[in-house]
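Chemist: Below is a structure I'd like to ask you about.
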Amino acid sequence: MNSSNVYFTNLRTTPNSNLLDKMERVAKRAGISNIPFKDQFVAIKIHFGEPGNLAFIRPNYVARLATLLRGMGAKPFLTDANTLYSGRRANAVDHLQSAAENGFNPLSAKCDVIIADGLKGTNYKEIPVNGEYCKAPKIGAAVADADIIISMNHFKGHEQSGFGGALKNLGMGCASVGGKLELHSASQPVVSKSNCVGCNICVKYCAHDAIHLGEDKKAVIGYDKCVGCGQCVALCQYSAAIMGDGDTSERLNYKIAEYTKAVLLDKPHFHISFIMNVSPECDCWNHNDAALVPDIGIAASFDPVALDQACADLVTQAPVLGGNRIADEHPHEHLEGCDKFRLIHPDTNWKAGLEHAEKIGIGTMNYELITV
């Protein structure tokens with residue numbers, strides 16, 4: 001079976017070669033300059049980090065990459081989509097403020113920031129892929145309209161998918177609010193009547209005439225008409241319209257793979273992963289627990305599947321740091337060579353997502369690691 005090249009550099013530096021230089025060097029060796037960037041809109045997909053979390057990628061790396069792309073004639077912009085949960089990134093106003101607070105702004109990141117799915121998470125395009133689980137993923141319009149996709153991924157654990165890498169950053173991160181509902185939920189949205197104030201916003205904007213106010217002036221969803229688009233969840237300001245029962249880890253990862261396929265469909269794309277501060281959980285939390293392993297390096301590839309597999313293998317091979325969750329829970333075990341993500345999130349199955357991504361033609365799990 002064919003393999004994909006994954007280029008890797010460690011984090012050792014010299015006075016003549018700092019980490020920004022090394023990131024640029026590994027990206028160039030991996031072939032980023034072969035993409036025809038001139039006059040193309042380039043979406044740099046990154047996770048801005050929930051304020052309070054300090055594990056996200058430093059904006060300095062974005063600035064160096066944006067400068068490199070602009071030097072090749074590109075029109076780069078930095079982007080992420082709004083969250084399904086109610087936090088500081090659930091709408092574009094709060095999201096932009098959070099991004100700026102964490103250093104992602106035109107001054108520090110050297111490019112503009114655009115929230116992919118608009119003010120309230122309702123600005124998206126459906127991209128047909130005829131997937132087994134998602135027929136037409138709902139992708140934030142700014143990403144869907146971009147000519148080229150570049151992902152910058154903080155590789156870390158994730159409480160639902162096992163780990164977060166390129167596929168998670170693209171598939172989940174580019175989904176609109178309604179898309180995230182489709183990814184997470186095994187059922188249609190529900191109404192928490194104790195939170196509903198009868199504001200009528202969900203009724204007004206439901207495109208399928210599936211919601212009305214009952215006699216108690218609380219929203220009622222008619223499931224004979226509801227298609228699970230998530231518009232009500234995106235618009236509700238009172239946490240009354242919420243997602244239904246959560247999906248399994250395997251199905252979530254299958255869906256993420258199909259959403260990734262929609263993001264990358266018919267577009268040049270390139271991916272850079274930072275295997276640093278490998279925290280146990282997603283950067284969506286407003287805190288980050290102690291890293292699981294020592295900082296490892298930076299990897300880049302045209303193949304996001306191979307890249308995720310290579311990063312997972314590097315973390316597996318790494319020793320466990322002291323003073324973190326794994327060390328506390330397994331104090332007398334030899335853990336080098338073990339799957340750290342299954343240890344901390346035993347109910348997850350990250351490999352299922354990579355296998356499905358390979359099956360639907362996004363990339364291959366077979367790779368050759370080339371050290372730069």
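Chemist: So, in the stretch 169-181, how many residues would count as being over 17 Å from Leu265 (Cβ atoms) and either within 11 Å of the chain's Cα centre (by Cα) or open to solvent by 10 Å² or more (accessible area, probe 1.4 Å) (or both)?
Modeler: 1
Chemist: Select, from Glu159, Glu215, the only residue that is acidic (Asp, Glu), under 18 Å from the mean Cα position of the chain (by Cα) and more than 30 Å from Leu20 (Cβ to Cβ).
Modeler: On the way: Glu215 fails: under 18 Å from the mean Cα position of the chain (by Cα).
Every option except Glu159 fails the conditions.
Chemist: Give me the pairs: first residue in the stretch 192-212 and touching a residue at least 24 places away in the same chain (Cβ under 8 Å), second residue of a type in the set (D, E, K, R), beta-carbon distance under 6 Å, and six or more apart or on different chains, which are they?
Modeler: Matching pairs, first to second residue: Lys193/Lys218; Cys196/Lys218.
Chemist: Then there is this: Can you pull out the residues in the stretch 278-295 that are open to solvent by 30 Å² or more (accessible area, probe 1.4 Å) and under 30 Å from Asn2 (Cα atoms)?
Modeler: Hit for the stretch 278-295 is Asp295, nothing else.
Chemist: Show the residue pairs meeting these rules: Cβ distance below 6 Å; 6+ apart or different chains; first residue within the stretch 148-168 and more than 13 Å from Thr79 (Cα to Cα) and open to solvent by 10 Å² or more (accessible area, probe 1.4 Å); second residue hydroxyl-bearing (Ser, Thr, Tyr) and assigned to a loop (DSSP other than H, G, I, E, B).
Modeler: So the pair list comes out as Lys156/Ser279; Lys168/Ser161.
Chemist: It is to be established whether one or more residues within the stretch 62-70 are modelled with pLDDT of 95 or more, open to solvent by 40 Å² or more (accessible area, probe 1.4 Å) and part of a loop (DSSP other than H, G, I, E, B).
Modeler: Checked the stretch 62-70: no residue is modelled with pLDDT of 95 or more, open to solvent by 40 Å² or more (accessible area, probe 1.4 Å) and part of a loop (DSSP other than H, G, I, E, B).
Chemist: While we're on this one: Filter the stretch 102-142 for residues that are part of a loop (DSSP other than H, G, I, E, B) and touching a Pro at 6+ places or on another chain (Cβ under 6 Å); which is farthest from Leu264 (Cα to Cα)?
Modeler: Step one: filter the stretch 102-142 for residues part of a loop (DSSP other than H, G, I, E, B), giving 102-105, 110-112, 116-123, 127-137.
Those left that are additionally touching a Pro at 6+ places or on another chain (Cβ under 6 Å): 103-104, 111-112, 127, 136.
Working: Gly103: 27, Phe104: 24, Cys111: 22, Asp112: 21, Ile127: 10, Ala136: 13 Å.
Residue satisfying both the conditions and the ranking: Gly103.
Chemist: Can you name the residue in the stretch 1-55 that is among the hydroxyl-bearing types (Ser, Thr, Tyr) and in contact with an Asp or Glu (Cβ under 6 Å, 6 or more places away or on another chain) and is also farthest from Asp112 (Cα to Cα) among such residues?
Modeler: Among those that are among the hydroxyl-bearing types (Ser, Thr, Tyr) and in contact with an Asp or Glu (Cβ under 6 Å, 6 or more places away or on another chain), it is Ser3.
Chemist: Something else now. Give Ala310, Ala291, Ala327 a once-over and let me know the one that is of a type in the set (A, V, I, L, M, F, W, C) and in contact with a strand residue (DSSP E or B) (Cβ under 8 Å, 6 or more places away or on another chain).
Modeler: Ala310
Chemist: Across the stretch 120-132, what is the number of residues that are open to solvent by 40 Å² or more (accessible area, probe 1.4 Å), under 19 Å from the mean Cα position of the chain (by Cα) and at pLDDT 95 or above?
Modeler: Counting residues in the stretch 120-132 that are open to solvent by 40 Å² or more (accessible area, probe 1.4 Å), under 19 Å from the mean Cα position of the chain (by Cα) and at pLDDT 95 or above gives 4.
Chemist: So, one more: If I ask for residues that are touching an Asp or Glu at 6+ places or on another chain (Cβ under 7 Å) and either surrounded by 20 or more Cβ atoms within 10 Å (Cβ to Cβ) or modelled with pLDDT of 95 or more (or both), which ones from the stretch 84-94 would you list? Break it down into steps so the answer makes sense when it comes.
Modeler: Filtering the stretch 84-94 down to residues touching an Asp or Glu at 6+ places or on another chain (Cβ under 7 Å) leaves 87-89.
Within the stretch 84-94, Arg89 is the sole residue that qualifies.
Chemist: Going by what's in this entry, would Phe274 be described as open to solvent by less than 20 Å² (accessible area, probe 1.4 Å), in contact with a His (Cβ under 6 Å, 6 or more places away or on another chain) and not in a loop (DSSP other than H, G, I, E, B)?
Modeler: So Phe274 fits the description; yes.
So that you can scan it fast, the table gives a plain yes or no per residue for (1) on the phi > 0 side of the Ramachandran plot; (2) of a type in the set (Gly, Ala, Ser); (3) out of contact with any His (no Cβ under 7 Å at 6 or more places or on another chain); (4) touching a residue at least 60 places away in the same chain (Cβ under 8 Å):
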position	(1), (2), (3), (4)
Asn2	no, no, yes, yes
Tyr7	no, no, yes, yes
Ser17	no, yes, yes, no
Ile32	no, no, yes, yes
Ile35	no, no, yes, yes
Gly71	no, yes, yes, no
Ser86	no, yes, yes, yes
Asn91	no, no, yes, no
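Chemist: With the requirement that a residue be charged (D, E, K, R) and over 21 Å from Cys134 (Cα atoms), what does the stretch 317-372 give you?
Modeler: Passing the criteria: Arg325, Asp328, Glu329, Glu333, Glu336, Asp339, Lys340, Arg342, Asp347, Glu368.
Chemist: Counting only residues that are in a strand (DSSP E or B) and among the aliphatic types (A, V, I, L, M), which one in the stretch 36-61 is nearest to the chain's Cα centre (by Cα)?
Modeler: If we take residues in the stretch 36-61 being in a strand (DSSP E or B) and among the aliphatic types (A, V, I, L, M), then Ile44 is nearest to the chain's Cα centre (by Cα).
For every residue, the table says whether it meets (1) open to solvent by 20 Å² or more (accessible area, probe 1.4 Å); (2) among the hydroxyl-bearing types (Ser, Thr, Tyr); (3) part of a loop (DSSP other than H, G, I, E, B); (4) touching a residue at least 40 places away in the same chain (Cβ under 8 Å).
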| residue | (1), (2), (3), (4) |
| --- | --- |
| Val220 | yes, no, no, no |
| Cys229 | yes, no, yes, yes |
| Ser239 | yes, yes, yes, yes |
| Ala257 | no, no, no, yes |
| Lys261 | yes, no, no, yes |
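The values are calculated or read from the model by the stated rules, or taken from the named source; none is laboratory data. This is a predicted model, so every value here is computed, not measured. Glycine gets a Cβ as well: all are built from the backbone with ideal geometry, and neighbour counts include every protein chain shown. Just so you know, the surface numbers come from the protein's heavy atoms only, side chains and all, with ligands and any DNA or RNA stripped out. Shrake-Rupley method; radii C 1.70, N 1.55, O 1.52, S 1.80 Å.
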